[in-house]
Structures are given as C-alpha cells and as structure tokens.
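First the structure, in the form of structure tokens, and then the observations on it.
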Amino acid sequence: MRPLADRFWEKVKKTEGCWEWIAGVDKDGYGQIWVNGQMRRARAPRVAWFLETGKWPTLCVCHKCDNPKCVRFSHFFAGTFVENTWDRARKGRSARNINPCPGEKNGNARLTEEQVLSIRREYVRGHTRQVDFAEQFGVSQVLISLILRGIAWKYLDEHAGKE
C-alpha cells in the first residue's frame, strides 16, 4: 500500500487560503481517507494533524476558517469536545439550537435585559401574574417562570452579584 502522506496530499487542492480536500467527504462535509488499511475511515483534518505533528490528535481538531474541507494545519486549533461545540455554535453551524451568547446577544432572544429586570421587579412586588407577563411580552409562561426562578437569563443574577 502507498504511504498515507502520498495518498493524502494527492487529494488536496492548495490555495492561498484553505487547502481543500477534493476527494470523498462524510455527511458533515469532512474529507475521509482509509488509514493503515483499517476498515474505518479517518477524517481528513485529523490525518493532516497527524502528518504535521507525527501524533494523532487527542482533542478535537477545530477549524479557525470554519471550512470542513480545509486540511491546512495553520487553520486548525486543538479543542475539547465542549470547546468545539461552542465554537461551532458561535459560528452558527450548530445542528441544535445552542447559542453561547447570553441575553440580548443571543439571536433568538425575545426580550431585552431591561424587560427581564422589569419582569423580576414587578413580580416581586406582586403586581402581575406570570401569564400576564407572557401575554404582555409575547413569550410563553414557561419562559417567564424560568426567568423568575433564575434559570433563564441567569447571567443577569451573576452579573448583579459582582457589582
């Protein structure tokens, strides 16, 4: 069998930016290649890491460029599974609706910080029921409950405690 490096690099198109994998890809768009004749395929970025360092990565191989076909080592950084998940979510590529941005910075936020703090103040004073807040702000009663219990918009509580 031909050396892995030879088989690998013949499947890469080098440009000034990304070095793109031009052979088969998996369902997520990452290049794949047979390694050591095993009955499994390795993702191309992991193989590129191995070819550059001589060691198989123990962490996730994350992309600075956010291009799954890219195998350019300078476009990689090592990260834990959680770091990779947050990085992917921050870049808007998450399969699930995970958004590491709290509060108003979250593109899915329906309320502002000012509204959340107002809801908490008014509820403590006993002036409004949860269902009334939900109707007033166009959100669910469940979200209002999560806000009042400090589960949703929790960072406001943490931030307030530091001031």
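The values are calculated or read from the model by the stated rules, or taken from the named source; none is laboratory data. All values reported here derive from a predicted model rather than from experimental measurement. Note that we place each Cβ from the backbone using ideal geometry, even for glycine, and neighbour counts take in every protein chain shown.
General remarks:
- The residues of segment 5-45 that are touching a residue at least 24 places away in the same chain (Cβ under 8 Å) and acidic (Asp, Glu), listed by number, are Glu20, Asp28.
- If you go through segment 28-70 and keep only what is assigned to a loop (DSSP other than H, G, I, E, B) and closer than 22 Å to Arg90 by Cβ, you end up with Asp28, Gly29, Tyr30, Pro57, Leu59, Lys64, Cys65, Asp66, Asn67, Pro68, Lys69.
- Residue count for segment 71-84, restricted to those that are among the polar types (S, T, N, Q) and outside any loop (DSSP other than H, G, I, E, B): 2
- Neighbours by Cβ (under 6 Å, 6+ apart or cross-chain): first from segment 141-163, over 16 Å from Ser118 (Cβ atoms); second at pLDDT below 80: Tyr155/Pro102
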